[in-house]
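Enquirer: This structure is in structure tokens; I'll ask about it shortly.
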Amino acid sequence: MIQEINQNFKSELKHFSNHPIHHHINTKRQLQRYLEHQVFAVWANMSLLNYLKEEFTKTTNPWLPIGDPELRFLINKTILQEETAKNYFGAHQSEFEIYLDAMAATGANTENITNFLRHVSHGTDIFLIIAASKLPLCIKQFIKTVFDIISEDKPHKIAAAFVYSKEGMGDPILIKTISKIEEVEKADLKLFKYYLRLQAEKDSDPSFKILEMLCGEDMDKWRDTEIIAEIILRNQRTLMEGIEAELTGSISE
């Protein structure tokens, strides 16, 4: 079924590999603006995975074996990739932290994401934080859509959101673009290039298998998956269009 869904969204998936935004990231400053937006998507994706971890693995004491051991294995394998990846220097970090360090290394402003997460750490309702924030609308819409899905408390939908939220994260065209910026501006962008290569080389099979296990032979769940895929891909596209509009000067800062 996943192959059929991917085929249905073939043109949409291809769109991310050749998105017009790549033609508007020509300077270090433009790359910084891109990173300052996209970091929220990286964080939101981690929240999708965290739901699956809490739902299907025992995260409180006393410990008990719960659920399907194969499903636990796949989720833990994915967590290992996402929460304890190897960074450029060979140490372990979450992919979000790797992204954040790459941002800082380019000189991008990390204040918005840091302040946002400070509110999250205080336990404030996520929807109140989103509504009260002064983030660009495209970011607020992106985060809200992700947490709307999480709030439905339907594991197969959340797994579907996680699978399709990764589209465009390790685009090879963007790697080439960054290499040109490095050459022209003599900038050191190795940490972000490393992040992109990490995404491009990642084994996506575990997350697809998780989705397959959660949907099984239930056609209603597969129909939900197709709907979620459409919502998430549209959400990604809206975010990219918002970044593109800012880079081309269509909106004022």
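Coordinate-derived values only; no laboratory data. Small disclaimer: the values here were computed from a predicted structure and weren't measured. Cβ coordinates were reconstructed from backbone atoms using ideal geometry, including for glycine residues, and neighbour counts include every protein chain displayed.
Enquirer: Alpha carbons only, please: Rg and Dmax for the stretch 27-156, in angstrom.
Expert: Rg and Dmax of the stretch 27-156, Cα atoms, are 16.4, 53 Å.
Enquirer: Here is a follow-up. Have a look at Leu117, Ala102, Pro155 and report the one farthest towards the positive end of the charge dipole of the chain, computed about the Cα centre with Cβ charges (Lys/Arg +1, Asp/Glu -1).
Expert: Toward the positive end, the furthest listed residue is Ala102.
Enquirer: How long, wide and thick is the chain, going by the Cα atoms along their three principal axes, in whole angstroms, largest first?
Expert: 53, 41, 38
Enquirer: Something else: For the chain, modelled as a Gaussian network with Cα springs under 10 Å, which listed residue fluctuates most, Glu230, Glu217, Glu241?
Expert: Largest GNM mean-square fluctuation: Glu217.
Enquirer: Now, a different point. Can you pull the percent of Cα pairs in the stretch 78-213 with separation above 20 Å?
Expert: So the pairs more than 20 Å apart make up 58 percent of the total in the stretch 78-213.
Enquirer: In deg cm²/dmol, rounded to 500, what helix-only [θ] at 222 nm does the chain give when every DSSP H run of at least 4 residues adds -39500 (n - 2.57) and the total is split over its residues?
Expert: Numbers: 13 runs with 180 residues, N = 253.
Taking each H run of at least 4 residues, the total per residue is -23000 deg cm²/dmol.
Enquirer: What lysines sit close enough to Lys58 to cross-link, taking a C-alpha to C-alpha distance under 30 Å and skipping anything fewer than 8 places away on the same chain?
Expert: Hits, sequence-local ones excluded: Lys77, Lys86, Lys144, Lys154, Lys157, Lys166, Lys202, Lys209, Lys221.
Enquirer: Let me ask another. Kindly express, to the nearest 10 degrees and within the range 0 to 90, the angle between helix 137-151's C-alpha long axis and the longest C-alpha principal axis of the chain.
Expert: Compared with the principal axis, the helix lies near 10 degrees.
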